[in-house]
Ligand code: ADP
Ligand code: TPW
Ligand code: MG
């Protein structure tokens, strides 16, 4: 047989993987090359896939996770074996923790050598290591199983509670050749990868009964509600029911933050006072003080606040994880909210006006106070005066995507920068992890084409800073704003021995803007809100890769931002 006939009649592992992905509507790969992935990425690009190549696998993985959250298709990350795999693993674990669908695909060494621990190139039992850190893990040994392997990975990532999947592809697999027809027939297009899960009618009635009797009802929207892409149903439920709501950080914008029913500006009041709380795609984890304690109006830290909870979630085991859930509503959020909407007929009584009125009163007071703080223009800038500029920029471009990490930079931005559209805010999520910044920003730009504004603490930025080269290389519309306060939380820590810098301090007067300039992007230093505004407006309108080094008062922050009390030293003082 000539080489040409051989190519016509056979297909190799490389092409089977690419065709299996394409068949499942996957058109983008986030990756970092090396054996055995280099050739794969070249071929994928030649076959018309978008290949985004990073400087570190963690950021490629984070990009895949964010793409998964934004698109409801599993984000795909390819890495080399052992060290590349391990670098990607943090992103896979983080995606799983946050319920984002992604697939980490790593090349691996020869099974026979790995299993006998004979010391292959980059030897590691990757499947075993990945398994406890993700939702599912698979390995494909034969080219004819590639279709099944990709199908199982796609289904596992998307169905039920979404999450991260590991797929192990040994180097040898890519070079395997099989009959083309048989190969093509072995591929599977996954039908209905995230089947709707309709809630049971009695569970719906139980939830409706609680809402009907509530005197002080509250809805909490979480990132699961944002992921579910049933924005109109949710908005209709909130507005028809008249119930005040609180968005968790990545659910901001599901309804515009300036909506009259948003209780964000009266958060502590509503959490302490509500009698019936309906969670929609939000877990009662540490971010919600585990549903108990003083935040929830209880007498002491461990006590229950006496609330009745309704929990809308696709995971049946989520209910009762922290406190008793009176009405679990298990199903996909779209179907659950549609079922509730069908029950809000003409006779639906909106919540008592003494509840909604009390919330409005507190909101008005707090918003007035906030407006006064935001109007100040201290020198140097503080978090408020700098964030006020970004707040206005996002108001003018509500389609822009905000990426946010840091401690004070995160906490202040979350409450100051209002969001107006769903899925426009990506942040540190359930773990409060640093390092998602540039990976998330790249994914947001690549998957949406919209302007991206990354609001970054100077420490947070450092975790993924080298990816500004990636941003420049692909000429992405990303504007990174580094909140430069010379350190972690503050720049004023002192080492009592005086022989070196304190562990939270950074080089003062650091020129972060030069990092972007080094790769041909725009770098600007901003000492005033006016300079910040000029640079940000320019970045958003031109779409050029930009980094603004925003100089922030190094004394302005607090230890760990708003979670100071979680430090062991703070607990000791209690
Ligand atoms: P937040 O941090 O915003 O409070 P969490 O990540 O804690 O949100 O909670 C998200 C929840 O949403 C998870 O418990 C997950 O099972 C759930 N979830 C994700 N997607 C869906 C969906 N389509 N339908 C129902 N529940 C979902
Ligand atoms: C992977 C611990 C939480 S917040 C933070 C660290 C190191 C940085 C805060 O400083 P930054 O913000 O970004 O300058 P600011 O505005 O307060 O000065 N490693 C990982 N994740 C976490 N969360 C940490 C360390 C941490
Ligand atoms: Mg800082």
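Nothing in this text is a laboratory measurement; each read-out follows from the coordinates by a stated rule. Source: prediction; values computed, not measured. Counting neighbours? That spans all protein chains shown, and the Cβs are built from the backbone with ideal geometry, glycine included.
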Exercise. Between region 5-58 and region 376-395, how many Å separate their Cα centres?
Worked result: 44
Exercise. Can you give the angle from 0 to 90° between the axis of helix 13-23 and the longest principal axis of the chain, with both taken from C-alpha atoms, to the nearest 10?
Worked result: 40
Problem set entry | Packing-based exposure ordering (other Cβ within 10 Å, fewest first) of 466, 250, 514, 434 | 514, 466, 434, 250
Exercise. Can you give me the relative contact order of region 496-574 as a percent, contacts being Cα pairs under 8 Å and 6 or more apart?
Worked result: 25
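Using just the helices of the chain, give the 222 nm mean residue ellipticity in deg cm²/dmol: DSSP H runs with n ≥ 4 each add -39,500 (n - 2.57), and the total is spread over all residues, rounded to 500.
-12000 deg cm²/dmol
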For this session: Distance between Cα centroids, region 156-176 to region 521-541: provide it in whole Å.
Result: 42
Exercise. Nearest 10 degrees, 0 to 90: what angle lies between the long axis of helix 57-71 and the longest principal axis of the chain (Cα atoms)?
Worked result: 70
Exercise. Pulled fully out, how much extra length does the chain show between residue 128 and residue 192, if you take 0.36 nm times their separation in residues and subtract their Cα-Cα distance?
Worked result: 20.1 nm
Exercise. Among 472, 336, which comes first, then next, by fewest other beta-carbon atoms within 10 Å?
Worked result: 472, 336
Seminar exercise, completed: Using alpha-carbon coordinates alone, the radius of gyration and Dmax of region 133-276 in Å work out to 22.4, 68
For this session: On a C-alpha basis, how far is the centre of region 276-294 from the centre of region 186-256 in Å? Whole number, if you could?
Result: 15
For this session: Kindly provide the Kirkwood hydrodynamic radius of region 332-411 in Å, to one decimal, from all pairs of distinct alpha carbon atoms.
Result: 16.8
Exercise. Rounded, prolate or oblate: which one fits region 281-405, using the alpha carbon gyration tensor with axes a ≥ b ≥ c (rounded when a/c is under 1.5, else prolate when a/b beats b/c, else oblate)?
Worked result: prolate
Seminar exercise, completed: With Cα coordinates, the longest principal axis of the chain makes an angle with the long axis of helix 437-448, in degrees rounded to 10, of 80
For this session: With both partners inside the chain, how many of the DSSP beta bridges are antiparallel, as a percent to the nearest 5?
Result: 5
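Once you order the gyration tensor axes a ≥ b ≥ c over the Cα atoms, which shape class does region 1-146 get: rounded for a/c under 1.5, otherwise prolate or oblate by comparing a/b with b/c?
oblate
Just to be sure I understand: of the beta bridges DSSP finds with both ends in region 3-186, what percent are antiparallel, rounded to 5?
Percentage antiparallel, nearest 5: 10.
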For this session: Starting from the alpha-carbon convex hull of region 200-263, give the projected area averaged over all orientations, in nm².
Result: 4.6
Seminar exercise, completed: So, with points 7 Å from each Cα along the Cβ direction, the residue 517-residue 341 label distance in nm works out to 5.2
Exercise. With the radius of gyration and the Kirkwood radius both derived from the Cα set of region 376-559, what is their ratio Rg to Rh?
Worked result: 0.95
Problem set entry | Ratio Rg/Rh, restricted to the chain and using Cα atoms, in which Rh is the Kirkwood radius | 0.99
